[in-house]
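Structure first, then comments.
The values are calculated or read from the model by the stated rules, or taken from the named source; none is laboratory data. Nothing here was measured: the structure is a model prediction, and the numbers come from that model. For neighbour counting, all protein chains shown are included, and Cβ atoms are generated from backbone atoms with ideal geometry for every residue, glycine included. All accessible areas refer to the heavy atoms of the entire protein, side chains included, with ligands and DNA or RNA removed. Shrake-Rupley method; radii C 1.70, N 1.55, O 1.52, S 1.80 Å.
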Amino acid sequence: MEGVGWKTIDRLASGVSGAYTELVRAEPGDLVAFGLKPNVAHGICARLTEAYIEQRLEAYERHGTSFLTALDSDYPALLREIAQPPWILYYRGDLKTLELPAIAMVGTRSPTVYGRKISFELARDLSANGVCVASGLARGIDSCAHRGALTGAGSTAAVLGCGPDTVYPVENASLYAEIEEKGVLVTEYPLGTQLKPGLFPQRNRIISGLSLGTVVVEAASRSGSLITADQALEQSRDVFAVPGPVTSPKSSGTLELIRQGAKMVASVEHILEEYRGLVPFGGSRREIGTRPDISASEEERKLLGLMAAVPVTFDELLMLSGMEFGHLHSVLLNLILKKKIAPLAGSSYMTL
């Protein structure tokens, strides 16, 4: 219900001692006795009826959205440990994704090519080792992390800062659909929740709460990603940071985290070695930002170096590479046949 938040539910949960079905028959005075304000108590009693509950259940079923509460046995164990675990999680996709060991990955919404490439590759390597990569489906680092994780066995969990019926940002509609198919989308906000800036920082506690640790990839000194890192510390979880150029404003936040004691990450092993016994690390060490030998020609390596883990248009490659139109098309075709890049809509390409 609109106007009913975490603290209100907490008061009700403490007051009714488990007999939650009795709330349908409660009087406003009963709820006031639990510590609710009179106007909130009257609002709940006026709306909370058997018919209202049935209508809401039908709405979620029509929308293909399921839910679980903090009372359910399959509620994520790590999330239950935080100071304010969400009372309810609405989800779309495979809930079993949340049973995997998870690592959160966050960062700036306007990353450099370096940041995009690193977040994609690091998430890809985590997923290849059976790890779920948790992030917030935002532009930039979040999106790159989700895409990288979708390539492996561990998949990804997207924690939304809006209701499950809202795709935000709208350009991530296809990514939303792919995560629903191969991973899981979760939110504590019900159907019909309007977009509000304050909801997004609130959801960050869920991203870190689902995870063993949080990796920050490119963040300015006042980045919202640092809020997630702070929440991870408050939840007694690990914080990792990817170093970047000391001259880059996009790396000032991550460099400060490293200075304050966050573990510097230069390979997926630097994360997984902290969880021996919890995560079945089976990969070989590979520094992030590098690729294995793919027996590519010099021109192919040049194009791979220009491509990040996000779509790059043909026109951009034409300008950056200096190649002739027909020759660039031929080199790109060879890379597609070698399964090193993938063609996307809008004459764009992305490394695999």
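Numerical summary
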item: Under-5 Å amide H pairs with residue 166, H placed in peptide plane, nonlocal only; result: none
item: Summed residue charge, Cβ within 13 Å of residue 1's Cβ, Lys/Arg positive, Asp/Glu negative; result: +1
item: From the C-alpha gyration tensor of region 226-279, square roots of 5λ in Å; result: 21, 15, 7
item: Cleavage-rule hits, trypsin sites (Lys or Arg not before Pro), region 304-352, DSSP coil, Cβ neighbours within 10 Å at most 11; result: 339
item: Stretch in the chain that is longest and holds no GluC sites (Glu not before Pro) that DSSP places in a loop and that have at most 13 other beta carbons within 10 Å; result: 82-323
item: Environment charge of residue 348, counting only residues whose C-beta is closer than 12 Å and scoring Lys/Arg +1, Asp/Glu -1; result: -2
item: Total charge dipole magnitude, region 1-91, about the Cα centre, Cβ charges on Lys, Arg, Asp, Glu only, Debye to nearest 20; result: 280 debye
item: Using alpha carbons only: equivalent-ellipsoid semi-axes of region 1-110, gyration tensor based, whole Å; result: 29, 18, 14
item: Region 105-183: C-alpha gyration tensor shape, a/c 1.5 cut-off, then a/b vs b/c; result: oblate
item: Packing rank of 247-254, 235-242, where each peptide gets the mean count of other beta carbons within 10 Å, highest leading; result: 235-242, 247-254
item: Within the accessible area of the chain (1.4 Å probe), percent carbon and sulfur; result: 55 percent
item: Net dipole in debye of the chain [+1 Lys, Arg Cβ; -1 Asp, Glu Cβ; about Cα centre; nearest 20]; result: 620 debye
item: Nearest-20 debye value, region 98-249 charge dipole, Cβ charges on Lys, Arg, Asp, Glu; result: 340 debye
item: Charge dipole of the chain about the Cα centre (unit charges at C-beta), most positive-ward option of 236, 166, 226; result: 226
item: Region 53-111: translational diffusion in µm²/s, Stokes-Einstein, Kirkwood Rh over Cα pairs, 10 °C, 1.306 mPa s; result: 116 µm²/s
item: For the chain: accessible area per residue (Å², 1.4 Å); result: 47 Å²
item: For residue 239, distant residues with modelled amide H under 5 Å away; result: 214, 263
item: Fluctuation leader among 322, 183, 115 - the chain, Gaussian network, Cα springs under 10 angstrom; result: 322
item: For the chain, alpha-carbon Rg over 2.2 N^0.38 Å; result: 1.11
item: Over region 133-223: Kirkwood hydrodynamic radius from C-alpha pairwise inverse distances, Å; result: 13.4 Å
item: Average projection area in nm² (convex hull over Cα atoms of region 98-147, one quarter of hull surface); result: 3.0 nm²
item: J(HN,Hα) series, region 207-220, from Karplus relation 6.51 cos²θ - 1.76 cosθ + 1.60, nearest Hz, glycine and proline x; result: 4, 6, x, 6, 10, 5, x, 10, 9, 9, 10, 6, 8, 6
